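The values are calculated or read from the model by the stated rules, or taken from the named source; none is laboratory data. Keep in mind the model is a prediction, meaning the values are calculated, not measured. All Cβ positions, even for glycine, are placed from backbone atoms using ideal geometry, and neighbour counts span all protein chains on display. Protein only, heavy atoms only, side chains kept; ligands, DNA and RNA dropped before computing areas. Shrake-Rupley method; radii C 1.70, N 1.55, O 1.52, S 1.80 Å.
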Amino acid sequence: MNKKLVNFIVKKYLKFDKKNPFISISAILAFIGVAIGVMVLMISMAIMNGTAKEFESKLFTMNYPLSIYPKFSNSVNEELLKDLEKEYPNLKFSPYLSSQVIIQNGDNMNGGMIFGVDSKKESQINSIYEKAVKGLNLSKYDIIVGDGIRENLFLSPGEKATLYFTSLNPTGLSMMPKLKRFTYENSFKSGLHAYDKAYMYTTIEALQTLTKKGKGNFDGIHVYSDNAMKDIVPLKEFLRNYGAGVIGWWQQNGNFFAAMQMEKKALFIVLMLIILVASLNIISSLLMTVMSRRKEIALLLSMGASYKEIKQIFLKLGTIIGFSGIVIGVLLGFSGMWILDTFEIISLPADVYGTSKLPLDLSTIDFISIIIGASIIVLLSSYYPAKKATNIDVIDVLRNE
């Protein structure tokens, strides 16, 4: 049997069978099922990736790629900072002091964390802070707060706010919390409500005075790196001699991203079952075709066709149905992503997700995994009926049918 005849028979079997409409309907359902499965899988993986990257970018800004912390008292200081800047000119460093505080304006109060930073160095590694201080000439006791704090306390630029620190001042026979009035200059909006309601920034000199931290000593150093996972290794070795350690953003938020990865894998498996269920229609459609075409298959075999060629007919028939569904599913998937990305059909609460727009980012690895997974399911679904078609007893079929 030549290739042209195989293609001719495949085309014939692909046409709508009026005598046995259920066979054609089953094939159409298989095609639609595979297409929808691939489309849903692509969009779902794009949403999962986009959400993870959106959170990562927010956390990257507010948590910093790397953070150096002291293992011993005053081990992170000006001397270490200078040595780091000299040893690693490709990295950016920003020293900081931190303290828990309560901020008050009138009758309104808000708890949070205040960071004392070098404005110039912090602006180089924190785009949110840089935007907030742009055009400002900060004095020692000026303060930048999150947008959530500004809203809660109804702060206006130039207005004074009182900060209560966790350290205490002895006053006669009692202890009073240390307090200081700061001038509110501006607010920042990170996109993550938890940070906007809790974070504040002031000058490093202000916190040195209020926390009585020796000049040149820091609570830690934030580090910006383009490849934090690679740079953390030499930094660990370097810091051993200084009594300091370093931690990466992925270690600080490890559980969160591990949970997202687990959820993504689970979702991939569950949605792949949609394609698997659709492939059952391919099996049933081909098996019904084999049963209804038993006489034709027997005639082809009696005329010299090989069992391999019969298998090829049904294998090709199944792969055309399945792979057509995959191709249409891919086109629908990209179209769906474009529509969701272009038009704000789905609006998210920004205070929960960090963005009001649905984040979409389909990675190449995920796309290839979807195509390979769907292709394997289609090929396996086509193989069984094709194998079944070669089990026909030619003499018995021709005698009885």
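The table that follows gives values for the structure above.
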item	result
Total residues in the range 272-318, condition of a type in the set (D, E, K, R) and at pLDDT below 75	4
Positions within the range 242-265 being without any contact (Cβ under 8 Å) to a residue 60 or more places away in the chain and either at positive phi or open to solvent by less than 50 Å² (accessible area, probe 1.4 Å) (or both), in sequence order	254
Tally, over the range 57-77, of residues that are more than 15 Å from residue 243 (Cβ to Cβ) and over 33 Å from the mean Cα position of the chain (by Cα)	0
Some residue of the range 319-335 being closer than 17 Å to residue 286 by Cα, open to solvent by 50 Å² or more (accessible area, probe 1.4 Å) and either hydrophobic (A, V, I, L, M, F, W, C) or at pLDDT 90 or above (or both)	yes
Wholly within the range 94-208, helices (runs of 4 or more DSSP H) carrying at least 3 residues that are more than 30 Å from residue 246 (Cβ to Cβ)	147-153
Hits in the range 376-392 (condition: open to solvent by less than 20 Å² (accessible area, probe 1.4 Å) and either among the aliphatic types (A, V, I, L, M) or at pLDDT 90 or above (or both))	378, 386, 389, 392
Top-ranked residue of the range 185-209 - restricted to ones that are closer than 18 Å to residue 139 by Cα and acidic (Asp, Glu), ranked as least open to solvent (accessible area, probe 1.4 Å)	185
Test: residue in the range 28-47 that is touching a residue at least 60 places away in the same chain (Cβ under 8 Å), of a type outside the set (Asp, Glu), assigned to a helix (DSSP H, G or I) and more than 26 Å from residue 380 (Cβ to Cβ)	yes
Residue in the range 72-79 that is more than 29 Å from residue 181 (Cβ to Cβ) and in a helix (DSSP H, G or I) present	yes
Subset of the range 66-110 (residues that are open to solvent by 20 Å² or more (accessible area, probe 1.4 Å), touching a strand residue (DSSP E or B) at 6+ places or on another chain (Cβ under 7 Å) and modelled with pLDDT under 90)	71, 74
Residue check, residue 346 exposed (fewer than 12 other Cβ atoms within 10 Å of the Cβ), at pLDDT 90 or above and either farther than 30 Å from residue 298 by Cβ or in contact with a strand residue (DSSP E or B) (Cβ under 7 Å, 6 or more places away or on another chain) (or both)	no
